[in-house]
Amino acid sequence: METSSQHLPFLKWVGGKRWLTTTYASLLPSSYKKYYEVFLGSGAVFFSMRPQQATLSDINEELIECYSVLQNEWQEVVDQLRGHHLKHSKDHYYKVRDSKPSSLVKRAARFIYLNRTCWNGLYRVNLRGEFNVPIGTRENVLLHTDNFEELSLLLRNTELLAADFEAVIDRANAGDFIFADPPYTVRHNFNGFVKYNEKIFHWDDQIRLRDCLVRASKRGCLVFLTNANHQSVIELYQNDFELVSLERNSGIAANSRNRGMYEELVVRNF
C-alpha cells in the first residue's frame, strides 16, 4: 500500500488523527488486504494511507452523506463552497446553520462550510438533532490545501456506510486492517468533554467495541485502536493486545493556556 501524508483531510474534527499520521506513521501496518475505519471523522488515517480497497463508516449520517456526495459531485460542492466563501459573515453563518437544504450537494457544502467556520471544528447537535455550534474565528471557507478532485479519486472505490461499528467490524476478514478511533469515553470520569462523549458513546459501547476487536483479532484481522490513556481503558485491552502510550499536543481546550502535551493509548495486535 502507498503511504503518504500529503493529502490533508478536508474536515477539521475534534480528536482527529493527523498527528498520528505525521509523527507515528511507522506504527501503522505497511501491508494488508482491505482497510476498515469505523469512526470516520476527518479520515486522516485513510487519506494518509490511501488504501486500494476500503470501507469507511460512522454513525453520523450527515458526515457519511457528505463523503458520498464528494465521490462523484465534488465540483458542484466546490461551486457551493465558493458562494459560502464570498458571503461568509456572522449573519450568513447562522442563516446557513438554521437552513435545511433539500439538495444533496447543498447539504454536503453546508456541512463543510459549518465545519470550517464553527468553533474549533466541533460537531454537536441538540436534542432535536440540530447542529448548534457557535461561529468560530476562521474566515476562510476554501483553503490552499484543498484538492477535492484528488479526494474524490481516493473515495471513488470506497464503500461508505452510516452504521454502528459492530456490524462493520464483524465483516472484516483475515488480513484486513481495522482502524478504530472511538470517542474517548472512560469509566467514572466527570470531565466535561467526556460527559459530552458519554451521550453518544457509553462505557458499555467501549466494552462492546473491545469484544468486537477481540473477535476480529481471532479471525486474523490487523487491529489498531486509539483511545484515552486511562486505567479503565488499559484494563479493557491489556490481556488481548499490545499497548503503546503516545505523547501528543492537545488543541481541544477553548483557552490556549490550557492546551499542552498529554498521552493517548494505542492498542494493536501486530
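Please go through region 177-193 and give me each residue that is closer than 16 Å to G16 by Cα and modelled with pLDDT under 75, ordered by number.
Listed by number, the list holds a single entry, F193.
Can you pull out every residue in region 30-42 that is surrounded by fewer than 16 Cβ atoms within 10 Å (Cβ to Cβ) and modelled with pLDDT of 95 or more?
S31
I'm told E159 meets every condition in (1) part of a loop (DSSP other than H, G, I, E, B); (2) under 25 Å from T55 (Cβ atoms) except one. Can you identify the failing condition by its number?
Failing condition for E159: (1).
Six or more apart or on different chains, Cβ under 9 Å: which pairs go from a residue in region 92-103 that's in contact (Cβ under 8 Å) with a residue 40 or more places away in the chain to one that's hydrophobic (A, V, I, L, M, F, W, C)? Could you list them?
Hits for this filter: Y93/L114; Y93/C118; Y93/I135; Y94/I135.
Restricting the search to region 64-101, which residues are out of contact with any helix residue (DSSP H, G or I) (no Cβ under 6 Å at 6 or more places or on another chain) and closer than 22 Å to G43 by Cβ?
Residues satisfying the conditions are I64, E65, Y67, S68, N72, Q75.
Would you mind listing the helices (runs of 4 or more DSSP H) fully within region 20-128 where at least 3 residues are within 30 Å of R208 (Cα to Cα) and either within 17 Å of the chain's Cα centre (by Cα) or outside the structural domain of R210 (by TED's automatic domain parsing) (or both)?
Passing ranges, in order: 44-49, 61-72.
The values are calculated or read from the model by the stated rules, or taken from the named source; none is laboratory data. Being a predicted model, the structure only gives us computed values, none of them experimental. Quick reminder, even Gly has a Cβ in these numbers, built from the backbone with ideal geometry, and neighbours come from all protein chains shown.
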